[in-house]
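Notes for the one structure printed next.
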Amino acid sequence: MHLKLKGCPLIVLVGFMGCGKSTIGRLLAERLGWTFVDLDEEIERRSGKAIAEIFDREGEPKFRNLEHEALLEEQRLARHGRARVVAVGGGAFAEARNREALDVSGVSIWLECPVKTLWDRVSGGSDRPLARRWEDFERLYQDRLPYYQKADFTVSAGSEAPAEIVDAILKLPLFR
Ligand code: S3P
């Protein structure tokens, strides 16, 4: 199976915290027989630090640089034929440099989900530094919507079961 768009076997799942990027990404990669990469886990593995620790000790700009470098590395591997599905953190697609990189190669898919559902899924955990207060969470979601809307494709991921969401992705005009 070959990707029709942009000629590179790279699918990047984007969307706000809690939209299911990692769950869906893992299933999708399985169905395609591709590698799955959770970019946050990759950043933690490379830096030897937890995401919350990088945010709290080194600041968000440092995290964004690590995230950008990690994304470019996945793109490089895909360009060398190592097909992959990459789940990126909720802020990655809000960064112009990441969108610009993916415009060249890689297909972006936004997993769209109502903000209240997202909050119900992620609030109460301690591992997401940007999900500590509802007011901030909701504002950030609104700020990022225009960026998510720039993804190549949008798939609804509010109340659908993971397998259904994967089926919807596999029906997109991605493959030839
Ligand atoms: C972030 C989302 C997180 C993680 C970091 C920042 C964001 O990933 O990258 O906490 O800016 O929205 P998930 O979207 O996988 O929770």
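Taken together, the values in this text are just the output of simple stated rules run on the coordinates, not laboratory data. Everything quoted here is computed from the prediction, not taken from an experiment. For neighbour counting, all protein chains shown are included, and Cβ atoms are generated from backbone atoms with ideal geometry for every residue, glycine included.
Quick one: Debye curve from the C-alpha atoms of segment 44-121, no solvent, what's log10 I(q)/I(0) at q = 0.23 Å⁻¹? Each listed q corresponds, in turn, to -1.18.
The label point for ASN65 and the one for ARG82, both projected 7 Å from the Cα toward the Cβ, are 2.4 nm apart. Modelled label positions at ASP127 and SER47, each set 7 Å beyond Cα in the direction of Cβ, lie 1.5 nm from each other. Need one number: % antiparallel among DSSP beta bridges in the chain, to the nearest 5. DSSP beta bridges in the chain are roughly 5 percent antiparallel. Taken over the Cα atoms of the chain, the convex hull encloses 104 Å³ per residue. When the helices of the chain are scored as -39500 (n - 2.57) per DSSP H run of n ≥ 4 and the total is divided over every residue, the value at 222 nm lands at -14500 deg cm²/dmol. Dipole magnitude for the chain: about 520 debye, using +1 per Lys or Arg Cβ and -1 per Asp or Glu Cβ, origin at the Cα centre.
Take every Cα pair under 8 Å whose residues are at least 6 apart in sequence, average their separation, divide by the length of segment 52-161, and the relative contact order is 30 percent.
Lys/Arg Cβ at +1, Asp/Glu Cβ at -1, dipole of the chain taken about the Cα centre: which of LEU130, PRO146, VAL107 is farthest positive-ward? My answer, from the dipole projection, is VAL107. Spacing of the modelled spin labels on ASP136 and PHE153, each 7 Å from Cα toward Cβ, amounts to 3.5 nm. In a fully extended conformation the segment linking VAL104 and ASP167 would gain 20.1 nm over its present Cα-Cα distance, using 0.36 nm per residue.
Applying 0.36 nm per residue to the separation of THR23 and LYS116 and subtracting their alpha-carbon distance, the gain on full extension is 31.6 nm. Rank LYS150, LYS116, LYS21 by mean-square fluctuation in a GNM of the chain with C-alpha springs under 10 angstrom and give only the top-ranked residue. Maximum fluctuation in the GNM of the chain, among the listed residues, is at LYS116. Computed packing ranks the peptides 137-147, 104-114, 7-17 as 7-17, 104-114, 137-147, most packed first, by mean other Cβ atoms within 10 Å. In plain terms, the C-alpha convex hull of segment 72-172 casts an average shadow of 7.2 nm² when viewed from every direction.
If you run the Gaussian network model on the chain, springs between alpha carbon atoms under 10 Å, then out of GLY81, GLY91, GLY20 the most flexible one is GLY81. What number comes out for the charge environment of SER22, summing +1 per Lys or Arg and -1 per Asp or Glu over other residues with Cβ under 10 Å away? Value of the local net charge: -1.
In order along segment 6-16, the Karplus-derived 3J(HN,Hα) couplings, from 6.51 cos²θ - 1.76 cosθ + 1.60 at θ = phi - 60°, round to 6, x, 10, x, 9, 10, 10, 8, 10, x, 5 Hz, and Gly and Pro are given as x.
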